[in-house]
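Encoded as structure tokens, the structure appears first; notes follow it.
The values are calculated or read from the model by the stated rules, or taken from the named source; none is laboratory data. Computed from a prediction, not measured in an experiment: that's the story for all the values here. When we count neighbours, we look across all protein chains shown, and the Cβ atoms used for this are built from the backbone with ideal geometry, even at glycine. In case anyone asks, the SASA skips ligands and DNA or RNA and just uses the protein heavy atoms, side chains included. Shrake-Rupley method; radii C 1.70, N 1.55, O 1.52, S 1.80 Å.
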Amino acid sequence: MMKWKLVRRLVVALAAGASVASAMAQVTVSEPWVRGTVAQQKATGLFAQITSAAGGRLVGVSSPVAELVEVHEMRMEGDVMRMRAVDVLELPAGKTVELKPGGYHVMLINLKQQLKPGDTVPVSLVVEGRDGQRETVQILAPVRALAARSAGSAGSAGSGSGHGAHSGGHSGGHSGGHSKH
């Protein structure tokens, strides 16, 4: 009888550990990269593909290379392309959300240094699952040349996509879960 209780406890503990491990593997980030900057440039963009197997929401982003990190959306309003911060980016279950020039992307604002091709930028993404649990995904994004475009984005704006349009005095009063935590 004592053995059975021990085996049952072990099975329950292993099952709990497996569910934690599988929950932690629910979000994948592929092909991350950051657009390089010139010496006095204070902002740039991070691009990648994010997939959440079970679905969730990107609720926070941070990086030690920038004072402020936000998820931004670019979209046409009439004849004008507008860029704005978003508090949450939905990640539909099993679907890849592309962060790309001219669409959703991560802005690194008030950079602490120039980012040159060959550098690597550490970024933390906080994803909230449908169950309310938060997972932090650490990525290392290589820096690409200033004029770099994402794969398959020919025709989308290259270096003129608005990522360098931010000056050191970023305004917009964006609050929410996308500043450094």
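Structure summary
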| read-out | value |
| --- | --- |
| Cβ-defined net charge surrounding residue 74, 12 Å radius [Lys, Arg +1; Asp, Glu -1] | +2 |
| With all protein chains modelled, accessible area of residue 57 [1.4 Å, Å²] | 80 Å² |
| Inter-site label distance for residue 81 and residue 134 at 7 Å from Cα along Cβ, in nm | 3.3 nm |
| Long-range amide H partners of residue 68 with built H, under 5 Å | 109 |
| Cleavage-rule hits (GluC sites (Glu not before Pro)) in region 70-137: DSSP loop, at most 11 neighbouring Cβ within 10 angstrom | none |
| Residue among 103, 120, 92 farthest towards the positive dipole end of region 79-122, charges placed on Cβ | 120 |
| For region 73-118, the Rg and Dmax computed from alpha carbons only, in angstrom | 13.7, 38 |
| Computed FRET value (nearest 0.05) for residue 67 with residue 31, which takes r as the C-beta separation and R₀ as 30 Å | 0.70 |
| Residue 140 - accessible surface, heavy atoms, 1.4 Å probe, Å² rounded to 10 | 120 Å² |
| Range of Cα positions in region 68-146 per principal axis (Å), largest first | 39, 37, 22 |
